[in-house]
Amino acid sequence: MPQALEGSQALAYAVALCRPQVVSAYPITPQTHIVENISKLVADGKFQCEFVSVESEFSAASVAFGAVMAGSRAYTASASQGILLMAEVLYNIAGTRVPLVMTCANRAVSAPLSIWNDQQDSMAVRDAGWIQLYCADNQEAVDTTIQAYLISERCELPVMVCVDGFTLTHTLEPLEIPSQEQVDGFLPPYHFARTLDPARPISSGTLVSPDHFSEARHSHHQALLKAAAEIIAADDAWAALSGRHYGGLLQQEGPEDATIGVLTMGSIFGTLAEAREEGNHAVRLIRLRAFRPFPVDALQAAAAGLKKLVVLERALSPGGGGILGSEVRAALSELEQPPAIYSYAVGLGGRDVPLSLLGAVLERIEERPGERFAIFDVEVEKLPHEDR
Amino acid sequence: MKRDEASNSIAIKVAELRRRPHRFQGLASGHRACLGCGEALAARLVMEAAGPDVMIANATGCLEIFTTPWPESAWRVPWMHSLFENAGAIAAGMEAALKAQGKTTKVLSFAGDGGTFDIGFQSLSGMMERGHNVLYVCYDNEAYMNTGIQRSSSTPHAAMTTTSPPGAERMGKRHLKKDIVSIVAAHHIPYAATTSVAFPTDLRKKVRRAMEIEGPTFLQIHSPCPLGWGTEGEESIAVGRLAVETGLFPIIELERGQLTGVLPIREPKPVIDYLKAQGRFRHLFQDHYKAREELEHLQALADHNIATFGLAGQGVDRHDSSGINRVQREGVRSA
Ligand SMILES: Cc1ncc(C[n+]2csc(CCOP(=O)(O)OP(=O)(O)O)c2C)c(N)n1
Ligand code: SF4
């Protein structure tokens with residue numbers, strides 16, 4: 001039975017259903033409601049865990065890491081400045097190859113200060129070696145959080161579940177919360193093989209000479225590539241239980257014979273899908289659900305037959321251009337007849353992404369063939385002359 | 001073993017000593033520390049007293065580096081290193097997990113003075129404030145040794161490091177050594193204490209004490225570093241003793257923020273004896289008024305410590321700075 005729930009509240013339920021023994025977090029908008037809801041579940045005795053209310057995100061990630069090493073399932077969540085403060089620990093967690101799940105309630109990174117949504121924060125740590133999954137809506141955020149534990153524990157890799165701040169975290173929707181039996185059936189109790197244990201002492205996190213470092217990185221890279229199959233398997237297995245499926249690595253919709261595609265990640269997809277139907281546009285919409293591992297093969301298949309592909313993303317590399325845009329361009333350049341790639345940043349720092357975006361983008365690529373990159377929705381009249 | 005009350009001494013048969021079980025060796029030999037490294041010896045002593053049912057979160061620093069060159073490790077207990085500034089938080093996470101699992105293994109956190117006084121201070125403070133059952137051990141060698149002897153907020157006033165070099169305008173470090181144990185004690189944790197690797201009996205006793213306490217405990221161990229202090233490897237213990245006997249490094253215990261114990265100094269030595277033994281204070285012995293001023297300043301700091309903590313001994317005491325090292329296991333050989 002669907003219940004009307006705020007995204008953050010639903011995520012708190014999803015986390016509790018996964019039975020982590022240690023949760024540690026530090027408040028930051030728009031992640032705050034998630035940890036507040038978890039705290040309440042703990043206070044009401046509905047969720048048994050050690051909730052460690054730390055003094056910083058740096059410690060939030062560190063506490064979760066220590067907990068996993070001592071043999072517990074753990075959880076943390078953050079956003080924006082918090083993700084950047086955690087960055088050093090995030091690399092360390094992934095490099096140590098430990099299973100952990102965190103939510104990133106995507107938010108812009110300061111300066112200028114903004115509490116609103118874009119995806120610059122998770123993009124800033126894309127090379128940390130975590131699996132990154134981006135959710136289109138709150139039902140997917142709930143289901144992906146549960147799937148993430150299974151993926152993480154099967155791969156011995158941490159998973160960051162990216163959920164657009166406010167757009168999803170603060171939105172009330174009718175949602176299905178799975179039952180404890182369903183989740184227990186899907187996610188078995190887990191024992192981490194490299195748990196610290198006085199009966200069988202190991203040393204972890206040691207200094208590695210140049211003789212071994214490349215090999216460690218190779219193994220880590222391979223583990224991420226292999227994780228693609230686990231992401232698909234977890235989505236399929238969850239679909240068998242719940243009836244909900246998210247396409248594994250990516251999702252696409254629209255006519256088979258479309259020659260123009262629009263690719264994005266996260267909640268923009270819903271807006272584009274609605275705009276496509278309303279405007280009856282003959283475009284293929286592609287949504288990457290997995291950004292790490294980057295689904296090259298699936299993307300090449302999804303882009304087959306396209307002459308033009310527009311990449312819309314909520315982040316950029318200033319002085320470079322689109323981040324997702326560049327990766328898509330590189331992956332598709334291997335095709336015999338690669339589509340022309342148009343890379344645009346949109347919806348930065350909470351800028352509204354209206355239904356009219358799709359039509360506007362399709363017009364723009366007609367007007368400016370070959371445009372490599374731009375921030376799409378800049379209102380030039382607000383800028384001083386020299387910056388226009 | 002026989003005790004003679006009249007002479008206050010104990011006769012020990014060597015054969016009997018040999019039959020006793022060895023102390024637990026949690027840190028094995030064969031690691032890569034410099035000759036005479038105080039930190040290495042201190043860690044060995046901590047492990048002897050802490051025993052095998054522990055789990056260690058070690059910050060980046062010399063101890064971490066010299067004990068674990070992949071694929072080797074000198075640790076015989078579960079041990080992990082994550083980063084420089086999160087040993088307190090990693091330990092907190094371990095403790096939370098063990099608590100959730102109903103396990104009683106004690107969590108220890110190991111860090112140098114840089115990882116404790118400076119960059120790791122926040123995570124240490126958070127861990128203590130939340131009351132985690134963790135023994136945090138700071139191996140205080142008074143500088144960032146692992147990166148090649150740079151100043152930390154533990155470096156003593158006037159000491160030379162590569163980032164506090166003496167020169168025409170400077171007499172070494174300009175600032176005072178941070179009083180970390182008082183700051184830690186201000187968290188009102190059950191037990192915070194200082195000790196020195198030059199006083200192994202005191203060190204082991206304090207580790208055992210802390211191990212028995214449920215809650216956050218803190219031990220600051222003065223650990224001479226021959227490389228960083230400009231001494232010979234075989235002088236570490238002698239130099240460590242002088243730091244205590246001059247009053248520059250007070251050995252104290254604080255419970256819930258209150259001073260509850262000190263190691264009395266039998267005969268306070270002049271700080272010059274300590275300073276002249278080390279290369280890092282060499283510039284203080286040049287013929288210059290600023291050097292003389294700094295020597296006076298350091299003596300005043302030592303006198304201040306002796307007065308503030310009541311370190312002056314009251315005659316011969318087998319538990320004072322001269323007596324305590326003669327205490328052997330549970331008996332007194334001679335006072
Ligand atoms: C964030 C960060 N900054 C700097 C370093 C470099 N670094 C590694 S160990 C160290 C100094 C360690 O000093 P201390 O904690 O006193 O321990 P010691 O080596 O003296 O035992 C520094 C500066 C680091 N590893 N991480
Ligand atoms: S530099 Fe100092 S602390 Fe580091 S191993 Fe050598 S003696 Fe020990």
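Since every read-out is calculated from the coordinates, none of them should be taken as a lab result. Predicted, not measured: the structure shown is a model, and the values here were computed from it. Using ideal geometry, Cβ is built from the backbone for each residue, glycine included, and neighbour counts are taken over all protein chains shown.
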Principal axes first, then extents: for the Cα atoms of chain A, list largest minus smallest coordinate on each axis, whole Å, largest first.
68, 54, 47
For region B:130-270, I need the span (max minus min coordinate) of the C-alpha atoms along each principal axis, in Å, sorted largest to smallest.
50, 34, 24
In deg cm²/dmol and to the nearest 500, what is the mean residue ellipticity at 222 nm of chain B if only DSSP H runs of at least 4 residues count, each as -39500 (n - 2.57), divided by the residue total?
-9500 deg cm²/dmol
Could you point to the residue in A:F186, A:H220, A:A240 farthest towards the positive end of region A:175-314's charge dipole, with +1 and -1 charges on the Cβ of Lys/Arg and Asp/Glu respectively?
A:H220
Taking the alpha-carbon centroid of each part, what is the distance from region A:273-351 to region B:184-254 in angstrom?
60 Å
On average, how many beta carbons from a partner chain sit within 10 Å of the beta carbon of a residue in A:188-200?
3
Return the sequence-ordered ³J(HN,Hα) values of region B:75-84 in whole Hz as given by the Karplus equation 6.51 cos²θ - 1.76 cosθ + 1.60 applied to θ = phi - 60°, using x for Gly and Pro.
8, 10, 10, x, 9, 9, 10, 10, 9, 6
Of the options A:P338, A:L362, A:P293, report the single residue whose Cα projects farthest towards the positive end of the charge dipole of region A:251-387 (beta-carbon charges: Lys, Arg +1; Asp, Glu -1).
A:P293
Least to most buried among A:S317, A:S209, by other C-beta atoms within 10 Å and fewest first, runs A:S209, A:S317
Stokes-Einstein diffusion coefficient for the protein assembly as shown at 25 °C in a medium of 0.890 mPa s, Rh from the Kirkwood formula over Cα pairs: what value in µm²/s?
86 µm²/s
Number of Lys pairs in chain B closer than 27 Å at Cα, excluding neighbours under 8 places apart unless interchain, is 27
How big is the charge dipole of region B:202-291 about its Cα centre, in debye rounded to the nearest 20, if each Lys and Arg gets +1 on its Cβ and each Asp and Glu gets -1 on its Cβ?
100 debye
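Could you work out the mean count of beta carbons from other protein chains within 10 Å of each residue's beta carbon in B:69-80?
6
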Rounded to the nearest 5, what % of the DSSP beta bridges within the protein assembly as shown are antiparallel ones?
25 percent
At a 10 angstrom cut-off on C-beta neighbours, averaged per residue, how do the peptides A:101-111, A:197-207, A:279-289 rank from highest to lowest?
A:101-111, A:279-289, A:197-207
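How much of the pair distance distribution for chain B lies past 27 Å, counting alpha-carbon pairs only, in percent? Don't skip to the answer; put the middle values down first.
Numbers: 24947 of 55945 pairs.
Result for the distance tail: 45 percent.
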What is the ratio of the Cα radius of gyration of region A:60-112 to 2.2 N^0.38 Å, where N is its residue count, to two decimals?
1.17
Return the percentage of antiparallel bridges among DSSP beta bridges fully within region A:3-242, rounded to the nearest 5 %.
15 percent
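Provide the packing ranking of A:224-235, B:147-158, i.e. peptides ordered by the mean count of other C-beta atoms within 10 Å per residue, highest first.
B:147-158, A:224-235
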Can you tell me which of A:268-276, B:22-30 comes out highest on packing, and rank the rest after it, using the mean Cβ neighbours within 10 Å?
A:268-276, B:22-30
Percent antiparallel among DSSP beta bridges confined to chain B, nearest 5, equals 35 percent
Which of B:A111, B:A87, B:A307 moves most in a GNM of chain B, Cα contacts under 10 Å?
B:A307
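Please tell me the relative contact order of region A:2-105 in percent, rounded to the nearest whole number, where contacts are Cα pairs under 8 Å and at least six residues apart.
30 percent
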Long-range amide H contacts for B:G26: which residues qualify at under 5 Å (H placed 1.01 Å from N, peptide plane, sequence gap of 5 or more or a different chain)?
B:E48
Summarise the long-distance tail of P(r) for region A:251-387 by giving the % of C-alpha pairs beyond 20 Å.
43 percent
Ignore the peptide's own chain and count Cβ atoms of other chains within 10 Å of each Cβ in B:128-140; give me the average, rounded.
1
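Among the helices of chain A (complete DSSP H runs), which have Cα atoms covering no less than 20 Å along the helix axis and a Kyte-Doolittle mean of at least 0.5?
A:80-95
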For A:F51, the residues 5 or more places away or on another chain with a placed amide H closer than 5 Å to its own amide H are A:V23
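For region A:251-387, what is the charge dipole size about the Cα centre, in debye to the nearest 20, if Lys and Arg each add +1 at the Cβ and Asp and Glu each add -1 at the Cβ?
Around 360 debye, computed over region A:251-387.
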